[in-house]
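Below is one structure, written out as C-alpha cells; the observations come after it.
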Amino acid sequence: VLIYNTVPTVNNASADVVVGQPNMASNGINQGGSAAANTLYNPHSVYTDGTKLYIADRTNNRVLIYNTVPTVNNASADVVVGQSNMTTNSANQGSSVAANTLYRPSSVYTDGTKLYIADYNNHRVLIYNTVPTANNASADEVVGQSNMTSNSANQGGGVAANTLYYPHSVYTQGTKLYIAAYLNHRVLIYDDNPATPTYTPSHTPAVSTPTFTPTATRTRTVSATYTITATFTRSPTPPPSPTITPTLTISATRTISPTITLTSTITPTFTPVPDPGLGQGGGYAVPNPFFPHHGQQTTVRFTLQDPSASFRIRIMNVKGRLVRTLENTRIWDGQSSQGRICEGGLYLYQIEAEGRRISGTVVLMED
C-alpha cells in the first residue's frame, strides 16, 4: 500500500511511504516469508478515517488496523481482524466460518464508529458496532447469511433480497448501506442500516396486579429495497460445437425425342468436424479466462487417438517458467506446484502425448 502525503497534481508522482514492504523496491508476498504485522499478501482495499488506516489483506484472510497512518516504511499494524494473531493467515482460521473469521476479505470501511467488512468468499458482510481494539474480535451483525456460522452463496438457494454472492465492496453514509454483490451482478441498497438495530418492548402481566417489564429485543431487518442489475459478457468464448456440413452431388440426364425430360438426383453426404485432438493439432481451455479465487477451474480439452494413452500438461508463465505439471488430468485449479493460487495473467499450457506436443494459452483472473 502506497501513501502520498499530498494528492499528486502531476503524472508519475512518487509515493512517500510504503506499507507491507521494507522499501519502495521490494514486492515479495509477505516480504518473502510468512505473515506478520508488517507484511501483506494481495491487499485488496484500503481506507482511512483521517486517524487510523484500514487494509483488507485479502489472501492473508484478515483486515489490518493501524492506530495512526504510517509515516515511515514497513510499519506494523496494531490490530488484526479475522485472525487470532499477526502470524496466522488461514481462511476462517483453518476451521469453520464464525463471527471472528474471514475468508479473502475484499473491502473495508468505517464511519468512525462501526467497522464494515465485505467477507468475499464467505458471501457475507460483517458489521462491528465498534472499531476493534484487540485481535480476533467478533462481529455483531451479519448481512447476507442467516447466522454467523453459514457461508453458502445466496444462502444455498436462489438469489433474493437478503442473499449475497461474492460481495465485492461495502459503503455506508450513515443511514443507508450499499453492497456490490459481484457474481449476482447487482448493487444492493438497504434503507435502514442493519448495524442500527431496533428494540421492541414486550410485557409480562402478573395474575393479580398487572405489571410490565420491558425487555430489549434486537430485530434485524436486512432486506434490500433497491436492486441495480448489470449483465457482463466475457470473451473470448470457447470454440463452437462440431457442425455437420452437407455435400450435395447432383447428376442430370436428358432424353430427346419426343420430349425433353430432366431428372436430378441429390445424394447428401455428411462430414462431421472432429473434436480438437492431438491428431488434428488442436486443443483449447474452458472456461477461458477463469477465476480460481472464486473456486473456478479450467479444463484443457483435447482428444487422444488412443484414449488410454498417458499425457502430461505443463503450465508456464509468460516468462517460460514452469509453475505446474499436470499428470493425466486435464483440469487446472490455478494453483502452482507449491499449492498457492498463481498471480493473474496469461499462462501457456503444453500438452505432451502420443509423441506429439501442442501448446495453447489460458488467462487467470484475480478478481
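Values in this text are rule-based calculations from the coordinates and carry no lab data. Remember, predicted model here, so these are calculated numbers, not experimental data. For neighbour counting, all protein chains shown are included, and Cβ atoms are generated from backbone atoms with ideal geometry for every residue, glycine included.
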Problem set entry | Sum of side-chain charges, residue 151 neighbourhood, beta-carbon under 12 Å (Lys, Arg +1; Asp, Glu -1) | +1
Seminar exercise, completed: Most exposed first, judged by fewest Cβ atoms within 10 angstrom, 316, 148 run 316, 148
Seminar exercise, completed: Assertion target for 57, 333, ordered by fewest C-beta neighbours within 10 angstrom first, is 333, 57
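Among 301-314, 170-183, what's the highest-first ranking by average C-beta atoms within 10 angstrom per residue?
170-183, 301-314
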For this session: Report ³J(HN,Hα) in whole Hz for each residue of region 314-328, in order, from the Karplus equation J = 6.51 cos²θ - 1.76 cosθ + 1.60 where θ = phi - 60°; Gly and Pro get x.
Result: 9, 9, 10, 7, 5, 8, x, 7, 5, 10, 6, 10, 9, 9, 6
